[in-house]
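Note sheet for the following structure.
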Amino acid sequence: MRSRPTSLLAVAGLIGAVALAACTPGSNSDSGQSASPTGQVTTDASTMGDVTLTVWDQEVRGGQAAQIEELNKQFQAKYPNIKLKRVTRSFDDLKTTLRLALSGNEPPDVFQANNGRPDMGAFVQAGQLVPLDRYAEAYQWGERYPESVRKYSSYSTDGKTFGTGSLYGLPQVGEVVGIFVNEAKLEKAGVDEPKTWAEFQESLATLKAKGEQPLVLGNLDKWPAIHVFGTVQAQNVQPDAIRTLGFGQQGGSWKTPENTKAAQTVVDWVDKGYFSKDVNGLGYDPAWQAFSKGTGAYLIAGTWLQADLGKAMGDNVTFMLPPAVADKPVATGGTGIPWAISSKSKHPDAAAAYIDFITSEDAMAVLAKNDNLPIADTADQEATGPLGEAVFKAFGTAVEEDALVPYLDYATPTMADTLGAALQDLLAKKATPEEFLDTVEKDYSGFVSSNK
Amino acid sequence: MAKRKSAGPPGEPRRIAYLYLLPAFLVYAAFLLYPLGRSVQISLYEWNGNTLATWVGLDNYADVVTDPALRSSFGHALVLVFFYAVLPLVIGLALASILNRARVRGLAFFRTVVFLPQVVAMVVIAVAWRRMYAPDGNVNDLLRAVGLDSLTRGWLGDYAAALPAVGFIGTWFEIGLVTVLLLAGMGRIPGELYEAARLDGAGPVREFLAVTLPSVRGEISVALTLTVIAALRTFDLVYVTTRGGPGQSTSVPSFEVYNRAFLQGRVGSAAAVAVVLTLIIFVISFGITRVAERNSA
């Protein structure tokens, strides 16, 4: 025990020595080729010789797993020369391990990289992704994937601007946040399905007066309210202004009368008791499960709940885009996690052929069959039930009308946290709409000014 | 046999002793000291985990002090120390001395019951408590059953109640460990000491203060060290129950480390928080052992 001070010193010295001797973090992560590859691309996978593709995906649940397994099997049958080495991980695991894998020497050839700045944005910045523009041209992805969808996996080549520039990933499925409606509850309260935003707000009041809980929201997990606020904001703010804020581009501002009105609307809904009392104390899953068992009339949520709610509620539930203020709908939405190619892959052409295969027209039918929402050719697909049909129709309309605005937490690496916490404050009336907007604006403008 | 040199302690010379330590030290260095050193180094950079890092010196540490959200997360950790360490110690002392004095039949059974939470993984505990704290969960059901409807709330979503609610899970979890540790210590106290105290006219309280408490000082120090460390590095409980919410009212340093390193791509800042947390844990647990040692000397 007496020698502790000296041994402490020794340890401290050692740690210091390690710190000094090691080189700058990130310096050994050779960032692959930074210039875009050029030259002819091969699109016929059968002529590519024997190739092994390592694929990392997170399609591990229910219908997601079913569709990718079926598509992989078809791909192998069609192109026996290309061997797929599939590695599956949960969403969280993929997110945390992909970063390290991409900076290592043997990254996967094809993988799913989340759209946002901390993921795809950071990978683009590090030159770890192959720009897909050449392949998009060769496979004519642009004709089936409209620009409003491609935006979600587009970055400038320096990774700083999100929502424009080169294409770095291609998603299989779409997502849109809309309103799940318990039709029996509306009928009981004598409310017609609202066609406009004003009618929707009226129906909330009517439902409340009839003793029904109008809106279901479980916000213990912080992020669910982002979708509710996004939906309200979309009816109050110009779509392009939301896109600037949502993609974290230069020149936007949260501190506008329109945003204030959106925040005030949410507060009004709290005051009028449209949500349950303990909105911040209720979990997201318990909330939609309660909705599926007959609590509440509306659930503002994403299309990813389609399979579960359809199974539980059958004909009793439908889905609609948020009723529009004017004639054109606007809704928060985006894509499933896009598939991307590593810039260190030795077989980018084969990797692109694989991505093309799992996003082809035939693949979209496989996706639909397994309860997923195909992102392209959506209107041509056959859904598995009435709720599925409503969801496909809503998403098809949203894409056709260019109605999608991005998830607001895409804006900056910290926005998910900032906005999530700020919305909990807003819902609990710990912050006024002005204070709420101040908090969010600070995050947005701080990032934008340091990202020039 | 050659005559041993008279100087120095018996046995092989010191240098040889270090040789014996070397294998263990190498493992220790490779898996603990090197990562620690790297963390310290990374904490001096701004780094997103992918691209080349930029040297920012002590900026990340300045953030720890100046950023109100980070500062409050350290404050929350200290509140958790009360729930994880102080409360279980008080309750554990009472429980252990009762179990020890009463010579209950089936002591082994009670000991197991009290210890049980320690056997269950923290994540499982957190999921279970999250359900119990839900607006329609067991806690509120219980309150309604006894007519305390006014107290019901969404515990984890209530700004005033969330942190104590999370802390209480820690109390429930640590009581078992503390009680069993103290029971073991009390079991070693010779019966004559109590007899002597009783002959001197000491009641149960006096007996506890004069005999039991001083005898288990070592166990108290071990219990405090373990529980304080558990409190300061709380991650899983917060991650599963509240994700730091509502607002920022239950965010703790370990959660911030995870958040920054893996979700926000601010690895340098995460490393700085981690280093500060390590230092605090080191200082506090060092202090506890020092105080206990000095008193027992």
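The values are calculated or read from the model by the stated rules, or taken from the named source; none is laboratory data. The structure presented is a predicted model; accordingly, all values stated were derived computationally and were not measured. Glycine also receives a Cβ, built like all others from the backbone with ideal geometry; neighbour counts cover every protein chain displayed.
When you scan segment A:216-226, do you find a residue that is away from chain B (no Cβ under 14 Å), under 20 Å from A:Gln289 (Cβ atoms), at pLDDT 95 or above and surrounded by 17 or more Cβ atoms within 10 Å (Cβ to Cβ), even just one?
Our first condition is that a residue be away from chain B (no Cβ under 14 Å); within segment A:216-226, this holds for none.
No: zero hits.
Step by step: first the residues of segment A:410-421, then only those that are in a helix (DSSP H, G or I) and within 8 Å of another protein chain (Cβ to nearest Cβ), then the one that is surrounded by the most Cβ atoms within 10 Å (Cβ to Cβ). Which residue is that? Step by step, filter segment A:410-421, then rank; the result is A:Asp417.
Restricting segment B:209-232 to residues that are buried (at least 18 other Cβ atoms within 10 Å of the Cβ) and modelled with pLDDT under 90 leaves a set whose member that is nearest to B:Gly75 (Cα to Cα) is B:Thr212.
From A:Val330, A:Val366, A:Val325, grab the single residue that is of a type in the set (A, V, I, L, M) and at pLDDT below 90.
Working: A:Val330 fails: at pLDDT below 90; A:Val366 fails: at pLDDT below 90.
From the options A:Val330, A:Val366, A:Val325, the qualifying one is A:Val325.
In segment B:30-88, what residues are among the hydroxyl-bearing types (Ser, Thr, Tyr), within 14 Å of chain A (Cβ to nearest Cβ) and crowded, with 18+ Cβ neighbours inside 10 Å? Matches in segment B:30-88: B:Ser39, B:Ser43, B:Tyr45, B:Thr51, B:Ser73.
Of all residues in segment A:188-196, at least one satisfies being within 25 Å of A:Asp271 (Cα to Cα) and of a type in the set (Val, Ile, Thr). Residues of segment A:423-450 being polar (S, T, N, Q), out of contact with any helix residue (DSSP H, G or I) (no Cβ under 9 Å at 6 or more places or on another chain) and within 14 Å of chain B (Cβ to nearest Cβ), which ones? Across segment A:423-450, the qualifying residue is only A:Ser450. Applying the selection to segment A:308-358, what residues are among the hydroxyl-bearing types (Ser, Thr, Tyr) and part of a loop (DSSP other than H, G, I, E, B)? Across segment A:308-358, the qualifying residues are A:Ser343, A:Ser345. Report yes if some residue within segment A:401-409 is within 14 Å of another protein chain (Cβ to nearest Cβ), buried (at least 21 other Cβ atoms within 10 Å of the Cβ) and not in a helix (DSSP H, G or I); otherwise report no. Checking segment A:401-409: not a single residue is within 14 Å of another protein chain (Cβ to nearest Cβ), buried (at least 21 other Cβ atoms within 10 Å of the Cβ) and not in a helix (DSSP H, G or I). Of the helices (runs of 4 or more DSSP H) lying entirely inside segment B:179-297, the ones with 2 or more residues being touching a residue at least 40 places away in the same chain (Cβ under 8 Å), over 24 Å from A:Thr439 (Cβ atoms) and more than 10 Å from every other protein chain (Cβ to nearest Cβ) are found at B:217-232, B:236-241, B:267-296. Among the residues of segment B:144-158, those identified as more than 14 Å from every other protein chain (Cβ to nearest Cβ) and part of a loop (DSSP other than H, G, I, E, B) are B:Val146, B:Gly147, B:Leu148. Right, A:Leu305: touching a residue at least 60 places away in the same chain (Cβ under 8 Å), among the hydrophobic types (A, V, I, L, M, F, W, C) and part of a helix (DSSP H, G or I) or not? Criteria met by A:Leu305.
Restricting A:Thr432, A:Thr384, A:Thr439 to those that are surrounded by fewer than 23 Cβ atoms within 10 Å (Cβ to Cβ), modelled with pLDDT under 90, over 22 Å from the mean Cα position of the chain (by Cα) and polar (S, T, N, Q) reduces the list to A:Thr384. Condition (residue is aliphatic (A, V, I, L, M), assigned by TED's automatic domain parsing to the domain that holds A:Val266, in contact with a strand residue (DSSP E or B) (Cβ under 6 Å, 6 or more places away or on another chain) and within 30 Å of B:Arg130 (Cβ to Cβ)) applied to segment A:206-225: is it met by at least one residue? Yes; the residues of segment A:206-225 include at least one that is aliphatic (A, V, I, L, M), assigned by TED's automatic domain parsing to the domain that holds A:Val266, in contact with a strand residue (DSSP E or B) (Cβ under 6 Å, 6 or more places away or on another chain) and within 30 Å of B:Arg130 (Cβ to Cβ).
Quickly run through segment A:100-142 and pick out the residues that are within 20 Å of A:Asp417 (Cα to Cα) and in a helix (DSSP H, G or I). Correct list: A:Arg117, A:Pro118, A:Asp119, A:Met120, A:Gly121, A:Ala122.
Examine segment A:368-377 for a residue that is assigned to a helix (DSSP H, G or I) and either in contact with a Phe, Trp or Tyr (Cβ under 6 Å, 6 or more places away or on another chain) or crowded, with 24+ Cβ neighbours inside 10 Å (or both), and state whether such a residue exists. Within segment A:368-377, not a single residue is assigned to a helix (DSSP H, G or I) and either in contact with a Phe, Trp or Tyr (Cβ under 6 Å, 6 or more places away or on another chain) or crowded, with 24+ Cβ neighbours inside 10 Å (or both).
The number of residues in segment B:259-294 being over 13 Å from the mean Cα position of the chain (by Cα) and closer than 30 Å to A:Asn114 by Cβ comes to 18.
Can you tell me how many residues in segment A:105-126 are within 12 Å of chain B (Cβ to nearest Cβ) and closer than 20 Å to A:Phe247 by Cα? It would help to see each step written out before you state the result.
Narrowing segment A:105-126 to residues within 12 Å of chain B (Cβ to nearest Cβ): A:107, A:113-114, A:116-126.
After this cut, where a residue has to be closer than 20 Å to A:Phe247 by Cα as well, the list is A:113-114, A:116-126.
The total comes to 13.
Looking across segment A:83-104, the residues that are closer than 22 Å to A:Gly62 by Cβ, more than 9 Å from every other protein chain (Cβ to nearest Cβ) and not small (Gly, Ala, Ser) come down to A:Leu84, A:Arg86, A:Val87, A:Thr88, A:Arg89, A:Phe91, A:Asp93, A:Leu94.
Within segment B:144-170, the set of residues being modelled with pLDDT of 95 or more and surrounded by fewer than 22 Cβ atoms within 10 Å (Cβ to Cβ) comprises B:Pro164, B:Phe168.
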